[in-house]
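Structure first, commentary second.
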Amino acid sequence: MGVVERHEIYSVLPSGHIRLLWVLPESDKDEIHCSLEIADLDADRNTDQNKDLMFDCLSYTWMNPLGLPESSPEFQREKDNPFCQRIACNGSPLRVSRNLFECLQFFRHKGLHVRSAADEDASCTLPIWIDAVCIDQNNEEEKSKQIPMMRYIYARARQVLIWLGPEDEHIYRAASVIDQLASVAKGIRGLEYYDLTTEDPCPKLGITPPISLEEWCSYASLLQRAWFSRVWVAQETYFAKSIVVFCGKKEILWENLERSASVLQETGLAEALERMVQSNIDLEITVNASLTDSPNLGRNAVPINSFSPLKSSLNNQLILTVFGGQGEKVPFSLDSLLAYTGYLEAGQPADKVFGLYGIWQNSKIGQEFEYLVPVSYKISVSDVFTNATYAAIRESKDLNILRLVRPTASELPSWVPDYTRWPQLYNITIRRRLSITETNKNGETVSRSDAGGGEAHTNWRADGGQSWGNSEDIPRLGKQSRRLAVKGILFEPIACIGPYYRQIDSGHELHLLLGHLGKHPSSSSPYGLSSSMAWLQTLLAGKYRGQSASCEAIQAFHDLVAVFVRELEEAKQYSKLVDLPEASELERLHEQTKDAIDDLSARPSNQGIIPTWETVERLIEISCYTPDSTENDRAEPDTMMDEKSRMDSDMDAIRQSFDRAYMGRRIFRTTGNHWGISSESLEEGDQVFVLSGADTPYVLRRVNWRWKVIGEAYVHGIMYGEAADGLFQDLN
């Protein structure tokens, strides 16, 4: 929050009024002078009065506009002294962030929002609304009144000016990429680009001249700026009539920025760009290196490749394609907004909800339930999150928002997601994209949109299409206990749990996963002879290449096993070469993996799911093949290249399916020998339930005579209501 040194700046705002800011002409180039005036927004909105009220709004990030990592000295300096610049406002000093100070300097230099004392009619320019200055940030009561008005403020503004921060050495190359992508014809979809460092997508997209690797990196650098991760940006762009974008002196057409993001999503380039950023390619480009004066830049600035699969601002291109302004204002459910807020940053935890409040209010159903989520910073964050989650359940009349629950040490009720945390795993339930004419489980018209964008929805109906509540019997929330009333059917307890994702992926312990299958008593399997296939489908949460995992996934799984074995062999060989102490352990892991593969592949119940060791060796040879290889005795070069191309394509697809399903989860077997996956915080004895109003099963744990939510689950064989025939009983 801004630190006001003298409270004379702010007088009490009448109801429905806002403050607007003018930048005064340059008198001292080292100091910014501004003035505030009060305007009646309600009169302009509700009557024919004050039709001449015109102003702009600013969309920016208070701090760290470059998106520098928290470990950098520059970030720490700004964190320690966030409001390090001083301006004069109404003749009194006011502390602001460096980014806002530089933005105001730019406005003054460009003559934007500037007027002299004699220019009272302001015929040549307009005032601007800036949250950090136009709202008294030290007045919680005023903030609680002004924040719900923000949707009207941004909708009423002539235009929204986006300030991405100062220029850097990447911006002009990035702007060129934006313009080139924006020129791509609509309708090009589903192109597969797995490696931008070796493949050039431009010919297929009709882009000339081609985009260089350096230009792709500059574009990625721009998308990593903090503005693309800021929660308030969603409603600021959503309600805008017109948008102008500045990055320093460089102006970027909003239409091109929005279109370029759409092209990334439509063609599959978004994942390719993210994969490039994640990969350990030998690039020395660092994020906005020229703007830091750190002598230790090489050690402290995070290279453009240090990002996790989910926590990446590259994901927030969707802020342009989902919430982008200047078009139709599609209503959003609170459920979909809360799902998206996990990918956005906020200075205060409560803003994870309040920052999207205005968009929710834009729908009729949001206005109906807004009383459940009062906007007040005096309310605890726990209560804000609880209120919002309950409102989302009331609105949708289902429990699918529980899919966002992750293990946490917070004091939140177990059924309330911690919206301050970045998503650590992909959801098994992907909300359907519903238009305002579609209905919920009770047949009532609702307004939903999938903020995840672009993904094919699942059609799980583990509860058989039940609803959480109906108009005559709406479960209430316990005010003191904050217990949520639900109904459910106990399916089966968990008997045995498999390895963590990290054990399989980086720990080279594939044998633990295979061993979990080996312990399954096939004679009593509910899947009969298809037990091994059910196990594989469970590992993929039932999906491969966006469709139900079937026989096509078997060959791809063979490829995945071969790559895991190859990585283990490479680690083993390297440890021997440099005489690492873990060499003997890696040798042991290799022997255990081979033994597990030999054992399982020879079983009659295998049905070809687990490849033979000979098949694994053959696939490893294919995966390592290059055209100049000299070891071509076993196949012709053209055949090997065809097989490698097939394997590369299948590997990318199976790895994506496996990662999305298993990352952050563990496989388990129930007492009835059903396969399932759920949160990695599982414990033996946890119970699998089918809950009324939930598309997927959930794992619950009995703690002090109450049920605690552990996480959503995929349980093979009960995802379409097979276990929903019994009586749903109260579990509260």
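The values are calculated or read from the model by the stated rules, or taken from the named source; none is laboratory data. Being a predicted model, the structure only gives us computed values, none of them experimental. Cβ placement follows ideal geometry from the backbone for every residue including glycine, while neighbour counts extend to all protein chains displayed. Accessible surface areas use protein heavy atoms only, side chains included; no ligands, DNA or RNA. Shrake-Rupley method; radii C 1.70, N 1.55, O 1.52, S 1.80 Å.
Consider a paramagnetic label point 7 Å from the Cα of Y172 along Cα→Cβ; state which residues of segment 205-234 have an amide N under 19 Å from it. Only 209-223 pass the distance filter. Which residues in segment 85-105 place their backbone N less than 14 Å from a point set 7 Å from the Cα of T125 along the Cα-to-Cβ direction? Only 103-105 pass the distance filter. Take the Cβ atoms of R588 and Q503, set R0 to 25 Å, and the FRET efficiency comes out at 0.95. Computed in the context of the full set of protein chains, the accessible area of segment 480-554 at 1.4 Å probe radius has 53% of its extent on carbon or sulfur. The label-point distance for E722 and D579, in a model that sets each label 7 Å from Cα toward Cβ, rounds to 5.7 nm.
Rounded to two decimals, the Cα-based Rg/Rh of segment 575-732, with Kirkwood Rh, is 1.11. The length gained by stretching the chain between M641 and V12 to full extension, at 0.36 nm per residue less their Cα-Cα distance, is 219.1 nm.
Rolling a 1.4 Å probe over the heavy atoms of the protein chains gives segment 621-732 an accessible area of 45 Å² per residue. The apolar share of the surface of segment 601-688, taken as the fraction of accessible area on carbon and sulfur atoms (1.4 Å probe, ligands and nucleic acids excluded), comes to 46 percent. Taking all protein chains as shown and a probe of 1.4 angstrom, E636 keeps an accessible surface of around 130 Å². Seen from all directions on average, segment 321-405 presents a Cα convex hull projection of 5.8 nm².
When only Cα pairs below 8 angstrom with a gap of at least 6 residues are kept, segment 176-235 shows a relative contact order of 34 percent. For the listed residue pairs K145/K378; K110/K250; K329/K364, the alpha carbons are within 21 angstrom of each other in every case. Inter-label distance, A185 to T626: 3.7 nm, where each label sits 7 Å from its Cα along the C-beta direction.
Across segment 542-697, C-alpha contacts under 8 Å between residues 6 or more apart give a mean separation that, scaled by the residue count, equals a relative contact order of 22 percent.
For K79, a cut-off of 21 angstrom between C-alpha atoms picks up these lysines, skipping any fewer than 8 places away in its own chain: K311, K352.
Using a probe radius of 1.4 angstrom, the carbon and sulfur fraction of the accessible surface of segment 140-222 is 52%.
How much length would be gained if the chain were fully extended between N139 and Y371, taking 0.36 nm per residue of separation minus their Cα-Cα distance, in nm to one decimal?
So the chain would gain 81.3 nm between N139 and Y371.
Taking other residues whose beta carbon is less than 13 angstrom from the beta carbon of R259, and scoring Lys, Arg as +1 and Asp, Glu as -1, yields -3. This model, with +1 at the C-beta of Lys and Arg and -1 at the C-beta of Asp and Glu, gives segment 626-732 a dipole about its Cα centre of some 940 debye. At a probe radius of 1.4 angstrom, the accessible area of segment 174-242 per residue rounds to 37 square angstrom. Evaluate E = 1/(1 + (r/R0)^6) for T671 and D200, where r is the Cβ-Cβ distance and R0 equals 51 Å; express this FRET efficiency to the nearest 0.05. Computed FRET efficiency for T671 and D200 comes out at 0.40. One chain, two ends: S649 and D30. Fully extended at 0.36 nm per residue, the span grows by 217.1 nm beyond their Cα-Cα distance. At a probe radius of 1.4 angstrom, the accessible area of segment 548-605 per residue rounds to 52 square angstrom. Measuring only protein heavy atoms, the 1.4 Å probe finds E31 accessible over about 40 Å². Working from label points 7 Å from Cα in the Cα-to-Cβ sense, the K378 to S410 distance is 2.3 nm.
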